[in-house]
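Before any comments, here is the structure.
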Amino acid sequence: MANKAFNAFEMAQAQFDKVADQLELDEGPRELLRWPLREYAFSIPVRMDDGNVQVFRGFRVQHNDARGPSKGGIRFHPQETIDTVRALSMWMTWKCAVVDIPLGGGKGGVICDPHNLSSREQELICRGWVRQLAKNVGPLTDVPAPDVMTSAQHMLWMLDEFEHIHGAKYPGFITGKPVGMGGSLGRTEATGFGVIYTLREALKHLGLRPEDTTASVQGFGNVAQFAIRLYNQLGGTVVCVSCWDQTDQKSYSFRKDDGVILDDVLAITDRFGGIDKDKARDLGMEVLDGDAWIEQEVDILIPAALENQITAETAPRISKKVRVIAEGANGPTTPEADAIIQQREIFVIPDFLANAGGVTCSYFEQVQSNSNYYWEKDEVLGKLDIKMTAAFLAVNELSVKRKLFMRDAAYVIAIGRVAQACRDRGWV
Ligand code: GLU
């Protein structure tokens, strides 16, 4: 395996196969769920600001919709591939199932780097993406949302294009919209807060008090920022964060032993979560290697960036002090690293459980949009906490009862529900 290039979809299939074996899943559901139901790959020509046309590659993958319309974000990333989108769409199926919301799994992407695109060019990519898919997505079939490097503004452009094409208002077509334009209060916070709701329950289970713990966070985008905010509110101290540096084309970690002050760091951060190194030094932060976040002597690691970060190479560098890994990102840990973590008895809150707060709030947003009645923020976050806590407790209980690794316990519940829906519909 050592020299083999990382492939997220092979990893997602390997995770699935392991649990399908444990569940003794029949051949029918096994073959159906190992692959997406539908895939779209297309070109988006864009007249750039300099007058030239550039063609971007776009994707949408609908992994499964037995439990409801496909649901999942759209990523803008220069390294996007059909296989990352396939993997992410499969993880969305399990994510919606583990929190028991009536949605399936999908994911989309465009190969592009928004750092180098004007707002107008990004708008044209959004509109072009919808034009290619207008007949294959919609409030009753497949509902997109924000993800890596896409925001509420991108969602609104996409909604506007969809409504132009279909000639009516369909606010339930997409989630993560701006508040006041069909968006839900609390949606921006939801993924990061959800990570901390599950972390809070994990700490309770382990007999640890949040105020006695420290954490190191990989990433400083939307998920990381709101996870840090709520973890701080519970009394926890974040001593290290990391981020991608667009100028140097590499990442850095930023350490402050007495605790990173979130608002100070936010004031020196760009809209992609990039922290200004010089200004960080002025704030008394040490600037370290990109990987340094993983070897900090902390109680909690929160990978909240991209997939394939905790690997066979990096996992051995995790400090002996670490008790919990709460996966804010999708697919941050490879199966080889899982084996190391499991053997070290570190408590893992797996990605598709820990970061399910985003899609759970998206579901609440759909409900609000479709009924054109909007809830107060406390109501949204209260319902989110209840849903996330219930999902965590169910997975943890199964993990204890059947002596399963947390990731496997979450998969057993999720795959079980989706396979049952496929059987009940008579598909397999
Ligand atoms: N992109 C987020 C995720 O990976 C949210 C998806 C959604 O809200 O549909 O879970």
Exercise. Going through the range 204-221 one residue at a time, which ones are surrounded by fewer than 23 Cβ atoms within 10 Å (Cβ to Cβ) and of a type outside the set (Gly, Ala, Ser)?
Worked result: 204, 205, 206, 208, 209, 210, 211, 212, 213, 214
Seminar exercise, completed: The residue from 94, 129 that alone is part of a helix (DSSP H, G or I) and within 12 Å of the ligand (Cβ to nearest atom) is 94
For this session: Would you point out the residue of the range 158-188, among those that are of a type in the set (Ser, Thr, Tyr) and closer than 18 Å to residue 76 by Cβ, that is surrounded by the fewest Cβ atoms within 10 Å (Cβ to Cβ)?
Result: 188
For this session: Considering only residues that are in contact with a Pro (Cβ under 9 Å, 6 or more places away or on another chain) and crowded, with 17+ Cβ neighbours inside 10 Å, look in the range 34-67 and name the one that is farthest from residue 308 (Cα to Cα).
Result: 67
Exercise. In the set 202, 145, 168, which member is of a type in the set (A, V, I, L, M) and over 24 Å from residue 307 (Cβ atoms)?
Worked result: 168
Exercise. Among the residues of the range 185-193, is any in contact (Cβ under 8 Å) with a residue 24 or more places away in the chain, in a loop (DSSP other than H, G, I, E, B) and more than 19 Å from residue 385 (Cβ to Cβ)?
Worked result: no
For this session: Answer yes or no: is there a residue in the range 230-237 that is within 30 Å of residue 80 (Cα to Cα) and in contact with a helix residue (DSSP H, G or I) (Cβ under 7 Å, 6 or more places away or on another chain).
Result: no
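Rundown of residues vs (1) surrounded by fewer than 22 Cβ atoms within 10 Å (Cβ to Cβ); (2) out of contact with any Gly (no Cβ under 9 Å at 6 or more places or on another chain), yes/no style:
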{"residue": "282", "(1), (2)": "yes, yes"}
{"residue": "325", "(1), (2)": "no, yes"}
{"residue": "333", "(1), (2)": "no, yes"}
{"residue": "356", "(1), (2)": "no, no"}
{"residue": "360", "(1), (2)": "no, no"}
For this session: Considering only residues that are farther than 22 Å from residue 206 by Cβ and not small (Gly, Ala, Ser), look in the range 318-337 and name the one that is farthest from the chain's Cα centre (by Cα).
Result: 336
For this session: Working carefully through the options 186, 207, find the one that is within 28 Å of residue 261 (Cα to Cα) and either within 14 Å of the chain's Cα centre (by Cα) or within 13 Å of the ligand (Cβ to nearest atom) (or both).
Result: 186
Exercise. Within the range 239-266, restricting attention to residues that are polar (S, T, N, Q) and free of Cβ contacts under 8 Å to residues at least 60 places away in the same chain, which residue is nearest to residue 293 (Cα to Cα)?
Worked result: 253
For this session: Out of 396, 330, 370, report the one residue that is part of a helix (DSSP H, G or I) and either within 16 Å of the ligand (Cβ to nearest atom) or on the phi > 0 side of the Ramachandran plot (or both).
Result: 370
Problem set entry | the range 99-145, residues that are over 27 Å from residue 422 (Cβ atoms) and either crowded, with 23+ Cβ neighbours inside 10 Å or hydrophobic (A, V, I, L, M, F, W, C) (or both) | 110, 111, 112, 117, 124, 125, 126, 129, 130, 134
For this session: Could you list, in sequence order, all residues of the range 105-119 that are within 16 Å of the ligand (Cβ to nearest atom) and either of a type in the set (Gly, Ala, Ser) or under 18 Å from residue 131 (Cα atoms) (or both)?
Result: 105, 106, 107, 108, 109, 110
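Here is a yes/no grid of residues against (1) modelled with pLDDT under 95; (2) more than 15 Å from residue 129 (Cα to Cα); (3) of a type outside the set (Lys, Arg):
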{"position": "24", "(1), (2), (3)": "no, yes, yes"}
{"position": "30", "(1), (2), (3)": "no, yes, no"}
{"position": "43", "(1), (2), (3)": "no, no, yes"}
{"position": "52", "(1), (2), (3)": "no, yes, yes"}
{"position": "60", "(1), (2), (3)": "no, no, no"}
{"position": "67", "(1), (2), (3)": "no, yes, no"}
{"position": "73", "(1), (2), (3)": "no, no, yes"}
{"position": "78", "(1), (2), (3)": "no, yes, yes"}
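The values are calculated or read from the model by the stated rules, or taken from the named source; none is laboratory data. Here the structure is a predicted model, which means the values were calculated and not measured. Note: ideal-geometry Cβ built from the backbone for every residue, glycine included; neighbour counts use all protein chains shown.
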